[in-house]
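Peer 1: This is the structure I want to talk about, given as structure tokens.
The values are calculated or read from the model by the stated rules, or taken from the named source; none is laboratory data. This structure is a prediction, so every number in the text was calculated from the model and none was measured. Positions of Cβ are backbone-derived with ideal geometry, glycine not excepted, and every protein chain shown enters the neighbour counts.
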């Protein structure tokens, strides 16, 4: 899991990278992540991507679209939905809240 935090691992072909890193089959990896993390590999990858995006929103002026694609999301809409599901904010609202709390 630690290796998956490298952008080169979670941005493109993340699930394939995770399977390759584990040295196991995808079905074995799914069983193992469910057992140890109570999450699927896809959920773990999504969490890692969202954490990366939160940092980008906090520390850069990059657009939401650029951040979404850079993190490996196939569309800004999918990114926004996933972000809101995990944080209860849209990316834009998350960034605005940070600006308001820092002033």
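Peer 1: Determine which single condition residue 35 fails, assuming it passes every other condition in (1) modelled with pLDDT of 95 or more; (2) surrounded by fewer than 16 Cβ atoms within 10 Å (Cβ to Cβ); (3) closer than 19 Å to residue 86 by Cβ.
Peer 2: (3)
Peer 1: Let me ask something else. Based on what the data block shows, is residue 74 at pLDDT below 95 and surrounded by fewer than 17 Cβ atoms within 10 Å (Cβ to Cβ)? Give the derivation first.
Peer 2: Details: at pLDDT below 95: yes; surrounded by fewer than 17 Cβ atoms within 10 Å (Cβ to Cβ): yes.
Yes.
Peer 1: Which condition does residue 65 not pass, out of (1) loosely packed, with under 12 Cβ neighbours inside 10 Å; (2) at pLDDT 95 or above, if it passes all the others?
Peer 2: (1)
Peer 1: OK, next. Is at least one residue of the stretch 38-50 under 16 Å from the mean Cα position of the chain (by Cα) and more than 21 Å from residue 78 (Cβ to Cβ)?
Peer 2: no
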